[in-house]
Amino acid sequence: MGTAQIIATVLTGIVTVTAIVLAVRAVLTITAVIRRGRPDPARFADPQKRTTTMLRETVGHTRMLKWSAIGAAHWFVMVSFMLLFLLVLEAYFEVVNPENSLPLIGGWIVYGFVTEWIGILGLIGIVYLIARRQKDRRAKVSRFSGSTMWQGYFVEAVIIGVLICGFLIRGFKVANDTFEFPTWATPLSHAVGAILPREADGPTWVALVKLLISMGWLITIGLNPTMGVAWHRFLAFFNIYFKRSPEKPAGSGLGALRPMMSEGKPLDFEEADPEKDQFGVAQVEQFTWKGLLDFTTCTECGRCQSQCPAWNTAKPLSPKLLVLSLRDHAYAKAPYLLAGGGKDLTGEEKATEAQLAHMDVLALAEGNRPLVGTEDENGVIDPDVLWSCTTCGACVEQCPVDIEHVDHIVDMRRYQVLIESSFPSEAGVMLRNLENKGNPWGSPQNTREDWTKGLDFEVPRVGEKEDFEYLFWVGCAGAFEDRAKKTTRAVATLLHEAGVDFAILGEGETCTGDPARRIGNEFVFQMLAQQNVETLQEANVKKIVATCPHCFNTLGNEYEQLGLKVEVVHHTQLLAHLVATGKLTPVQPVDGGITYHDPCYLGRHNRVFDAPREVLGEVTEMPRNRERSFCCGAGGARMWMEEKIGKRINIERTEEALATGAKTVAVGCPFCYTMIGDGVTAKGEQDNVEVVDVATVLLRSLKQDA
């Protein structure tokens with residue numbers, strides 16, 4: 001062992017031990033923080049399915065590849081990080097002896113070939129990602145806005161440095177005639193070797209630099225446990241494995257909301273006590289351990305932010321920044337929590353005076369911050385951020401590591417509504433109407449069947465008709481809102497003409513509770529839902545067809561939590577089936593072209609993309625469509641809250657629809673009907689462009705005078 005090798009070995013040993021100690025300390029910190037979260041035992045169910053999903057999403061990169069070139073580049077960088085760990089390990093042997101290679105497999109030609117090409121493709125991939133980061137960072141509305149940019153630059157530089165060092169080590173070995181692999185297997189290494197001088201200690205010095213870079217990276221992330229852009233390389237596997245619904249191809253936080261939980265069990269409102277049971281989330285440690293893992297895993301990539309309708313219309317909500325705020329708060333508060341501090345469910349301090357006297361002052365101050373509060377109140381999450389969310393699920397859909405943003409937002413809303421009685425004032429009218437009238441509009445229950453007046457056929461009612469195939473769930477909008485009534489009448493007419501055996505509940509129907517649940521009033525939701533479940537079970541309903549995607553989602557996904565299992569279809573699905581089987585035959589095309597707006601709760605939340613298009617025929621697509629469709633702005637109970645900040649979301653979407661040049665904008669949701677219809681009117685295009693439901697388009701194509 002020469003002088004170079006002795007120096008390199010000593011330096012490598014010192015930096016490696018330092019890196020390992022700091023990394024272990026960081027891992028212990030991360031696990032300690034995550035373990036402070038509330039229990040969530042359901043996350044351990046279906047281990048085989050979870051493992052399969054995790055491998056599919058990580059190795060298969062199914063979420064990232066939605067972004068095509070970016071996803072492919074990231075896959076090669078990910079694989080190079082995992083596989084070329086062997087080359088980092090090999091560098092320890094090269095530090096000791098420049099002619100050394102990895103024991104056992106170091107001379108195997110397959111090893112040389114695979115590591116060479118993974119290194120080449122990884123290098124191309126990281127260069128492309130660096131270029132895209134710079135391009136996207138300079139965009140007018142950047143997904144990287146608010147991200148900790150130095151961390152991204154640092155990680156990119158480390159990857160570049162390690163990959164270059166790998167080829168330089170091999171190049172010196174080629175120049176020194178000590179390289180084991182032929183040119184055809186390792187072309188870049190031989191090309192580099194052709195321009196390098198013969199230098200006996202060259203591999204040792206470059207191996208030292210490579211290890212200093214690698215261990216420098218480990219030291220840096222060891223000192224920064226909140227550095228998600230680096231830690232996600234390890235945590236993403238766990239976060240995806242523990243996703244709420246491993247069977248879902250998209251984000252596991254889509255569809256049904258997570259029930260209101262206390263100590264790992266669904267809350268029973270008949271026995272619940274706010275002093276003993278958790279009502280929503282008031283402190284960061286009241287999130288489940290999976291929630292804290294979510295916050296820690298965030299990569300700061302900003303894909304959620306780039307798709308968020310609130311952020312894209314100048315609202316203060318960015319799903320990314322919300323998660324980062326919760327993450328930073330959790331880790332800043334951690335010393336206080338781990339030392340025995342914290343508030344009980346009544347808001348009283350758990351720690352003794354003696355414990356408080358020895359706590360870190362900054363951590364103690366962080367522990368006293370309200371989770372939701374204005375800037376003057378030193379809140380972690382501003383109320384305007386919390387109430388800007390439409391629960392459209394775009395953030396959940398796009399997140400490559402399966403963070404469940406919507407569940408966390410609604411959990412915070414639940415505490416604000418149920419315990420603090422703090423929510424936008426205009427939503428109070430809607431909640432009172434739900435409690436007193438059974439619908440958000442406050443219309444009399446005895447007018448729920450008024451939409452049937454004037455039809456040239458009798459609409460059968462449950463009770464009058466004992467046996468029927470489908471219950472037609474009309475919904476509150478379909479029963480009381482004038483525009484939505486047109487859809488209801490069109491659907492009923494189409495079902496009648498197709499010979500579908502259906503019935504309605506009429507005055508026996510009440511709101512499914514969707515707006516109450518998404519604003520955070522779980523109590524009202526449970527009250528309405530239990531009433532509906534009893535009604536449906538008494539009527540022996542087996543199949544339901546609904547025109548409102550919010551009713552469709554609640555009936556089909558959330559009523560299972562209350563013990564109801566029925567087959568629920570959206571009216572566009574049933575109509576597409578009737579057209580496909582020849583029971584309805586469109587004969588007249590739509591003049592002036594047609595574009596279709598994917599409702600969030602039909603498309604993104606429930607993956608119904610094709611059925612409406614099959615009914616409509618040729619469609620001029622908006623740039624943002626299908627799973628990336630832009631929200632109309634009405635979800636998350638925003639239908640009953642005024643937009644006071646930034647651009648109106650429905651105007652943004654309407655402008656996109658108008659830009660297609662289509663004379664008809666088709667929708668599949670009564671909320672979207674209202675919001676986009678209002679948008680067309682606001683733009684002064686009501687005489688040129690018509691907004692109608694898919695069912696109305698189909699009915700008109702069957703009849704000239706419809």
With criteria (1) in contact (Cβ under 8 Å) with a residue 12 or more places away in the chain; (2) under 26 Å from Ser306 (Cβ atoms); (3) of a type in the set (Phe, Trp, Tyr), Tyr153 comes up short on (1)
Please pick out the residue among Asp678, Asp687, Asp610 that is open to solvent by 40 Å² or more (accessible area, probe 1.4 Å), under 29 Å from Glu247 (Cα atoms) and either of a type outside the set (D, E, K, R) or out of contact with any Phe, Trp or Tyr (no Cβ under 9 Å at 6 or more places or on another chain) (or both).
Asp610
Could you tell me which of the residues Glu560, Glu538, Glu507, Glu534 is among the acidic types (Asp, Glu), at pLDDT 95 or above and surrounded by fewer than 22 Cβ atoms within 10 Å (Cβ to Cβ)?
Glu534
Considering the stretch 152-192, residues that are out of contact with any His (no Cβ under 9 Å at 6 or more places or on another chain) and small (Gly, Ala, Ser), and then whichever is nearest to Ile213 (Cα to Cα), we arrive at Gly161
Could you please give the count of residues in the stretch 196-235 that are in contact (Cβ under 8 Å) with a residue 24 or more places away in the chain, assigned to a helix (DSSP H, G or I) and either open to solvent by 40 Å² or more (accessible area, probe 1.4 Å) or out of contact with any helix residue (DSSP H, G or I) (no Cβ under 7 Å at 6 or more places or on another chain) (or both)?
7
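Taking the stated definitions as given, is Arg43 of a type in the set (D, E, K, R), open to solvent by less than 60 Å² (accessible area, probe 1.4 Å) and at pLDDT below 95?
Values: of a type in the set (D, E, K, R): yes; open to solvent by less than 60 Å² (accessible area, probe 1.4 Å): yes; at pLDDT below 95: yes.
Yes: the conditions hold for Arg43.
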Qualifying helices (runs of 4 or more DSSP H) (wholly inside the stretch 36-146; at least 3 residues being among the polar types (S, T, N, Q) and either closer than 28 Å to Leu324 by Cα or in contact with a Cys (Cβ under 8 Å, 6 or more places away or on another chain) (or both)):
47-58
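To keep it simple, each residue is scored yes or no on (1) polar (S, T, N, Q); (2) open to solvent by 20 Å² or more (accessible area, probe 1.4 Å).
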| site | (1), (2) |
| --- | --- |
| Glu300 | no, no |
| Gly347 | no, yes |
| Leu356 | no, yes |
| Thr374 | yes, yes |
| Gly379 | no, no |
| Thr390 | yes, no |
| Glu397 | no, no |
Does Asp402 satisfy the condition of being assigned to a helix (DSSP H, G or I), closer than 29 Å to Val229 by Cβ and of a type in the set (Asp, Glu)?
no
Name the residue that is modelled with the highest pLDDT, counting only residues in the stretch 139-156 that are among the charged types (D, E, K, R) and under 24 Å from the mean Cα position of the chain (by Cα).
Arg143
On the given criteria, is Asp294 among the charged types (D, E, K, R), farther than 14 Å from Arg35 by Cβ and open to solvent by 10 Å² or more (accessible area, probe 1.4 Å)?
no
Between residues in the stretch 388-413 that are among the basic types (Lys, Arg) and residues that are assigned to a loop (DSSP other than H, G, I, E, B), which pairs lie under 8 Å by C-beta distance while being six or more apart or on different chains?
Arg413/Gly280; Arg413/Trp387; Arg413/Phe423; Arg413/Gly520
Taking the conditions exactly as written (surrounded by fewer than 16 Cβ atoms within 10 Å (Cβ to Cβ) and hydroxyl-bearing (Ser, Thr, Tyr)), does Tyr153 satisfy them or not?
yes
The conditions are (1) of a type outside the set (Val, Ile, Thr); (2) open to solvent by less than 30 Å² (accessible area, probe 1.4 Å); (3) within 18 Å of the chain's Cα centre (by Cα); (4) at pLDDT below 95, and Glu247 fails exactly one of them. Which is it?
(2)
Tally, over the stretch 278-314, of residues that are assigned to a loop (DSSP other than H, G, I, E, B) and under 16 Å from Ser142 (Cβ atoms):
7
Is it the case that Asp177 is at positive phi and either charged (D, E, K, R) or modelled with pLDDT of 95 or more (or both)?
yes
Surrounded by fewer than 22 Cβ atoms within 10 Å (Cβ to Cβ), farther than 24 Å from Ala26 by Cα and of a type in the set (Gly, Ala, Ser), is that true of Gly264?
yes
Cross-chain or 6+ apart pairs with Cβ under 8 Å, the stretch 622-638 first and without any contact (Cβ under 8 Å) to a residue 40 or more places away in the chain, then open to solvent by 50 Å² or more (accessible area, probe 1.4 Å) and in a loop (DSSP other than H, G, I, E, B)
Met622/Ala659
Would you mind telling me which numbered condition in (1) in contact with an Asp or Glu (Cβ under 7 Å, 6 or more places away or on another chain); (2) closer than 26 Å to Leu257 by Cβ; (3) among the polar types (S, T, N, Q) Gln445 fails?
(2)
For helices (runs of 4 or more DSSP H) lying entirely in the stretch 420-531, having 3 or more residues that are in contact (Cβ under 8 Å) with a residue 12 or more places away in the chain and among the hydroxyl-bearing types (Ser, Thr, Tyr) picks out 482-497
If you check Thr58, Thr52, which single one turns out to be under 27 Å from the mean Cα position of the chain (by Cα) and open to solvent by 60 Å² or more (accessible area, probe 1.4 Å)?
Thr52
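The rows are residues; the columns are (1) at positive phi; (2) among the basic types (Lys, Arg).
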| site | (1), (2) |
| --- | --- |
| Ile403 | no, no |
| Ser421 | yes, no |
| Gly428 | no, no |
| Asn446 | no, no |
| Val459 | no, no |
| Phe468 | no, no |
| Ala477 | no, no |
| Arg483 | no, yes |
| Thr487 | no, no |
Do you know which residues across the stretch 157-191 are within 44 Å of the chain's Cα centre (by Cα) and either open to solvent by 30 Å² or more (accessible area, probe 1.4 Å) or β-branched (Val, Ile, Thr) (or both)?
Ala157, Val158, Ile159, Ile160, Val162, Ile164, Leu168, Ile169, Thr186, Pro187, Leu188
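The values are calculated or read from the model by the stated rules, or taken from the named source; none is laboratory data. As the structure is a computational prediction, the values presented were derived from the model and not from experiment. Cβ sites come from the backbone with ideal geometry, for glycine too, and all protein chains shown count toward neighbours. The area values use the complete protein model at the heavy-atom level, side chains included, leaving out ligands, DNA and RNA. Shrake-Rupley method; radii C 1.70, N 1.55, O 1.52, S 1.80 Å.
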